[in-house]
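The values are calculated or read from the model by the stated rules, or taken from the named source; none is laboratory data. Predicted model, so just to flag it, every value in this text is computed and none were measured. For neighbour counting, all protein chains shown are included, and Cβ atoms are generated from backbone atoms with ideal geometry for every residue, glycine included.
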Amino acid sequence: MPTKQKETGHTIIVGDVHACRDETERLLDLARFGPGDALYFLGDLLSRGPDPEGMIALIRRTGAKSVRGNHDDALLRWRAAQKSGDSDPPIKGSQRRIAEHLDEADWELLEGLPLFIDLPDHELRIVHAGVIPGLPMERQPVEALLSMRYLGPNDEPIEKGGTVLWASVYEGPPHVVFGHNAQPEPQIHPWATGIDTGAVYGGRLTAVVLEKGQRMPPPEHRLDVLFSVPASARYFEPPSR
């Protein structure tokens, strides 16, 4: 992936940040993020990493937009259970600590996260996890958008244990940029690009950087628009698949 810097006035889409605020700052510096640029995140904003408070502050400071990730959704389900008086949904210790420290403005930010964002200027769609090929967005199941990695034999969304990556059989337009399926290198398919490169697991934080009106390059030139920085540490052990 390139290490050169680009001019301002572009769109930056950053993979799963997981509260890696330092890495996010370094990646934005590499991409020369500045006034007039549009910044998007692929969700899983606050969990597992070292600095959820700093990540919230960065999002507010930059005016970034984000889709909802499965970890963001878990926080929101916990919040809904608290407000309704129902039994708490299962939420792990680190997630609970984050939830208990969020204020009302923080919750409003999370509640406003959509399941997908379309970027017509680039003929792109961003989602946290995936889309079922051939299915209109209004019919996509929430579990596909939040947690799918694979397609089952009947095109059902599968998170773990599958064999057919949804992105390998998806045909656009639009091109889909996604996260959730952390890999050492970006996943490059004809009509989809996965940019979760496992920053919170000690890997890298990766972004797509496009000039105004630029379309996603073909696979053989895809790395030209991908930028990344190494993680400063391994903050969380990778989960088993």
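A compact table of results
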item: Unmet requirement for GLU7, which otherwise passes all of (1) exposed (fewer than 15 other Cβ atoms within 10 Å of the Cβ); (2) of a type outside the set (Val, Ile, Thr); (3) more than 18 Å from the chain's Cα centre (by Cα); (4) modelled with pLDDT of 95 or more; result: (4)
item: Members of segment 133-157 found to be assigned to a loop (DSSP other than H, G, I, E, B) and under 16 Å from ASP196 (Cβ atoms), listed by number; result: MET148, ARG149
item: Unique residue being under 23 Å from VAL131 (Cβ atoms) and surrounded by fewer than 18 Cβ atoms within 10 Å (Cβ to Cβ) when the list is PRO190, PRO230, PRO238; result: PRO190
item: Cross-chain or 6+ apart pairs with Cβ under 7 Å, segment 3-32 first and under 21 Å from ALA182 (Cβ atoms) and acidic (Asp, Glu), then at pLDDT 95 or above and surrounded by fewer than 18 Cβ atoms within 10 Å (Cβ to Cβ); result: ASP22/SER232; GLU23/SER232
item: Condition met for PRO136 (at pLDDT 95 or above and more than 28 Å from ALA231 (Cβ to Cβ)); result: yes
item: Segment 189-241, subset at pLDDT below 95 and within 20 Å of GLU23 (Cα to Cα), residue farthest from the chain's Cα centre (by Cα); result: GLU237
item: Breaking point among (1) part of a helix (DSSP H, G or I); (2) of a type in the set (Phe, Trp, Tyr); (3) out of contact with any helix residue (DSSP H, G or I) (no Cβ under 7 Å at 6 or more places or on another chain), for TYR40; result: (1)
item: Enumeration of residues in segment 191-209 that are in contact with a helix residue (DSSP H, G or I) (Cβ under 7 Å, 6 or more places away or on another chain) and not polar (S, T, N, Q); result: ALA192, GLY194, ALA199, LEU205, ALA207, VAL208, VAL209
item: Segment 15-69, subset among the acidic types (Asp, Glu) and crowded, with 23+ Cβ neighbours inside 10 Å, residue nearest to SER228 (Cα to Cα); result: GLU23
